[in-house]
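The values are calculated or read from the model by the stated rules, or taken from the named source; none is laboratory data. All figures in this text were calculated on a predicted structure; none of them were measured in a lab. Reconstructed Cβ throughout: ideal geometry from the backbone, glycine too, with neighbour counts over all protein chains shown. To get the accessible areas, we keep the full protein, side chains included, count just its heavy atoms, and leave off ligands, DNA and RNA. Shrake-Rupley method; radii C 1.70, N 1.55, O 1.52, S 1.80 Å.
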Amino acid sequence: GFGLCFLYLRNVRGFRWNHKRVYRVYRELELNLRIKPRKRLVRSKPEPLSVPETCNAVWSMDFMHDQLEDGRSIRVLTQIMAWRGKPEVIRCDNGPEYISATLLHWASSQGIRIEHIQPGKPQQNAYVERFNRTVRYEWLSQYYWSDLDKVREFATQWMWRYNHERPNMALGGITPKQ
């Protein structure tokens with residue numbers, strides 16, 4: 001607002017103008033228009049995100065979308081059952097890819113329970129949403145991919161670095177593998 005503008009001109013830029021002169025120019029530039037504050041929606045307190053007590057108790061799952069040079073789509077689904085074993089529960093949103101009969105049949109044949117989050121509440125699947133943001137900003141959107149094998153190779157290398165070399169501040173600055 002005006003106060004910060006006046007202090008900036010006086011103390012930082014070194015102009016010796018008084019506040020009346022600065023305010024006159026401030027008004028002429030129509031900087032004194034009041035910005036109407038938005039009405040805040042009253043929201044109920046969100047349910048705390050459940051923290052699994054054992055490895056493979058709950059997995060979070062989500063899709064990301066990108067394209068190759070030739071326009072073909074890449075849909076990346078994290079499937080690491082061969083490395084880590086299968087989970088007891090998979091938590092996912094209510095997208096069409098997760099409510100399909102094919103996925104539900106596959107999960108029941110594997111002995112995996114599918115838990116859907118409440119519609120419009122992505123914070124209930126916050127672990128995977130945060131991971132997806134990291135993947136998208138650190139490598140998926142930064143490169144122009146020519147074929148799917150290069151994407152798979154880079155994803156494998158990045159995942160190894162993520163777990164073995166990249167310090168995680170939520171863990172106190174150590175890597176997840178430590």
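Heavy atoms only, probe 1.4 Å: what % of the accessible area of the chain goes to carbon and sulfur, would you let me know?
Carbon plus sulfur share of accessible area: 54 percent.
Note the full-extension length gain between Leu171 and Val51 as 0.36 nm times their separation in residues minus their Cα-Cα distance, in nm to one decimal.
Details: separation 120, 0.36 × 120 = 43.20 nm, distance 1.45 nm.
Gain on stretching Leu171 to Val51: 41.8 nm.
Using a probe radius of 1.4 Å on heavy atoms only, what accessible surface per residue do you get for the range 108-178? Whole Å² is fine.
Accessible area per residue, the range 108-178: 70 Å².
Specify the angular offset, from 0 to 90 degrees and rounded to the nearest 10, of the alpha carbon long axis of helix 148-164 from the longest principal axis of the alpha carbons in the chain.
Its long axis makes an angle of about 80 degrees.
What's the angle, to the nearest 10 degrees (0 to 90), between helix 126-135's Cα axis and the longest principal axis of the chain?
80
Can you tell me which of 144-157, 26-39, 115-128 comes out highest on packing, and rank the rest after it, using the mean Cβ neighbours within 10 Å?
In descending order of packing, they fall as 115-128, 144-157, 26-39.
Note down the nm distance, to one decimal, between modelled labels 7 Å out along Cα→Cβ at Glu138 and at Arg84.
1.4
Mind checking the full-extension length gain between Trp106 and Glu28? Use 0.36 nm per residue of separation minus the Cα-Cα distance, one decimal, nm.
On the way: separation 78, 0.36 × 78 = 28.08 nm, distance 6.75 nm.
This chain segment gains 21.3 nm when fully extended.
Output the antiparallel fraction of DSSP beta bridges having both residues in the chain, as a percent to the nearest 5.
45
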